[in-house]
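Below is one structure, written out as structure tokens; comments come after it.
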Amino acid sequence: MLLAIDTSTPQIGVALYDGARVLAEHLWVSPARHTVELAPMVEQMLRQTGASISALTGLGIAIGPGSFTSLRVGLSFGKGLAMSRNLPLVGIPTLDVVAAPVARDSRPLACLLPAGRGRLALGWYRAHETGWQASSDPHITTAEALSASITQETLVAGDLTAAERSMLQNNPLLRLVSPALSTRRPGVLAELAWQRLQAGASDDLHRLAPRYLHIGEPL
């Protein structure tokens, strides 16, 4: 059984996955309370499902991009649990979790996460036989800058405010994925991490680090 944890942004997500089912999944928005709320929610989820922490066989952690503090909370919790229980841990790029549920077609996909102060973290994806694959490194932008830069029909998914959605809709070439399908689900994170573990891949606990985006990066 795998525990998935995502604290990349104000949205926190945790899930339990056994390879065939998402046994439990919780996600909620909690600005600046990740340290207080993460461990109790994991404990509650285990209790609700009747699962024991000793049943865990692996961990999946979202590694960003995202908030500096938020990412450190999730990764520190996951590393501590992995070390204490001798569990393999897999780090999954957060934008991969945004991309995975989107139906694939020939159009490029722009995946977005809030980066504070009206900025967005942007990652570009292209469809391949095995799923969406990142075609660039993430960088910082804004909804206005992205809307102005698009010259071909493009899919857009991510955690967006009403104002950002309105701005992006000013460009008729942009096709926004619905808010429900854009929601970053920890169950999806769990499935991606499970696939990597089944392939025999896991990350070095001492080398795995969050992926931050710096304000000085180009818009």
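Among the numbered criteria (1) touching a residue at least 40 places away in the same chain (Cβ under 8 Å); (2) out of contact with any Cys (no Cβ under 6 Å at 6 or more places or on another chain); (3) among the hydrophobic types (A, V, I, L, M, F, W, C), which single criterion is violated by ALA157?
Single failed check for ALA157: (2).
Just a yes or no: is a residue in region 120-129 buried (at least 24 other Cβ atoms within 10 Å of the Cβ), touching a residue at least 40 places away in the same chain (Cβ under 8 Å) and either of a type in the set (A, V, I, L, M) or under 17 Å from LEU2 (Cβ atoms) (or both)?
Yes; the residues of region 120-129 include at least one that is buried (at least 24 other Cβ atoms within 10 Å of the Cβ), touching a residue at least 40 places away in the same chain (Cβ under 8 Å) and either of a type in the set (A, V, I, L, M) or under 17 Å from LEU2 (Cβ atoms) (or both).
Restricting to region 54-96, give me the number of residues that are under 10 Å from the mean Cα position of the chain (by Cα) and farther than 12 Å from LEU205 by Cβ.
Summing the residues that are under 10 Å from the mean Cα position of the chain (by Cα) and farther than 12 Å from LEU205 by Cβ in region 54-96 gives 10.
Give me a count of the residues in region 133-147 that are under 14 Å from the mean Cα position of the chain (by Cα) and either among the aliphatic types (A, V, I, L, M) or in a strand (DSSP E or B) (or both).
1
Does ARG107 meet the test of being in contact with a Leu (Cβ under 8 Å, 6 or more places away or on another chain), without any contact (Cβ under 8 Å) to a residue 40 or more places away in the chain and surrounded by fewer than 19 Cβ atoms within 10 Å (Cβ to Cβ)?
Values: in contact with a Leu (Cβ under 8 Å, 6 or more places away or on another chain): yes; without any contact (Cβ under 8 Å) to a residue 40 or more places away in the chain: no; surrounded by fewer than 19 Cβ atoms within 10 Å (Cβ to Cβ): yes.
The answer is no for ARG107.
Kindly check whether there is at least one residue in region 134-147 that is at pLDDT below 95, farther than 18 Å from THR9 by Cβ and of a type outside the set (D, E, K, R).
Looking through region 134-147, at least one residue is at pLDDT below 95, farther than 18 Å from THR9 by Cβ and of a type outside the set (D, E, K, R).
Tally up the residues in region 63-90 that are crowded, with 23+ Cβ neighbours inside 10 Å, farther than 13 Å from PRO10 by Cα and small (Gly, Ala, Ser), please.
1
Name the helices (runs of 4 or more DSSP H) wholly inside region 148-219 in which the number of residues that are touching an Asp or Glu at 6+ places or on another chain (Cβ under 8 Å) and either within 16 Å of GLY66 (Cα to Cα) or at pLDDT 95 or above (or both) is 2 or more.
It comes to 186-198.
Rundown of residues vs (1) closer than 19 Å to TRP194 by Cβ; (2) surrounded by 14 or more Cβ atoms within 10 Å (Cβ to Cβ); (3) not aliphatic (A, V, I, L, M), yes/no style:
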| site | (1), (2), (3) |
| --- | --- |
| PRO10 | no, yes, yes |
| LEU23 | yes, yes, no |
| GLU37 | no, yes, yes |
| ALA51 | yes, yes, no |
| ALA55 | yes, no, no |
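Just checking, how many residues over region 1-31 are without any contact (Cβ under 8 Å) to a residue 40 or more places away in the chain and more than 22 Å from VAL98 (Cβ to Cβ)?
4
THR183 - would you say it is under 28 Å from GLU25 (Cβ atoms) and of a type in the set (S, T, N, Q)? Before the answer, list the steps.
Numbers: under 28 Å from GLU25 (Cβ atoms): yes; of a type in the set (S, T, N, Q): yes.
Yes; evaluated as a whole, the condition is true for this residue.
List the number of the failed condition for THR35; all other conditions in (1) more than 11 Å from the chain's Cα centre (by Cα); (2) closer than 30 Å to LEU173 by Cα; (3) of a type in the set (Val, Ile, Thr) hold.
All conditions pass for THR35, except number (2).
From (1) under 23 Å from VAL156 (Cβ atoms); (2) out of contact with any helix residue (DSSP H, G or I) (no Cβ under 7 Å at 6 or more places or on another chain), pick out the condition that doesn't hold for ALA51.
(1)
For ASP204, all conditions in the list (1) acidic (Asp, Glu); (2) surrounded by 18 or more Cβ atoms within 10 Å (Cβ to Cβ); (3) free of Cβ contacts under 8 Å to residues at least 40 places away in the same chain hold save one; what is the number of the exception?
Result: ASP204 passes all but (2).
The values are calculated or read from the model by the stated rules, or taken from the named source; none is laboratory data. Note that the structure is predicted; figures quoted are calculated from it, not measured. Backbone-built Cβ (ideal geometry, glycine too); neighbour counts: all protein chains shown.
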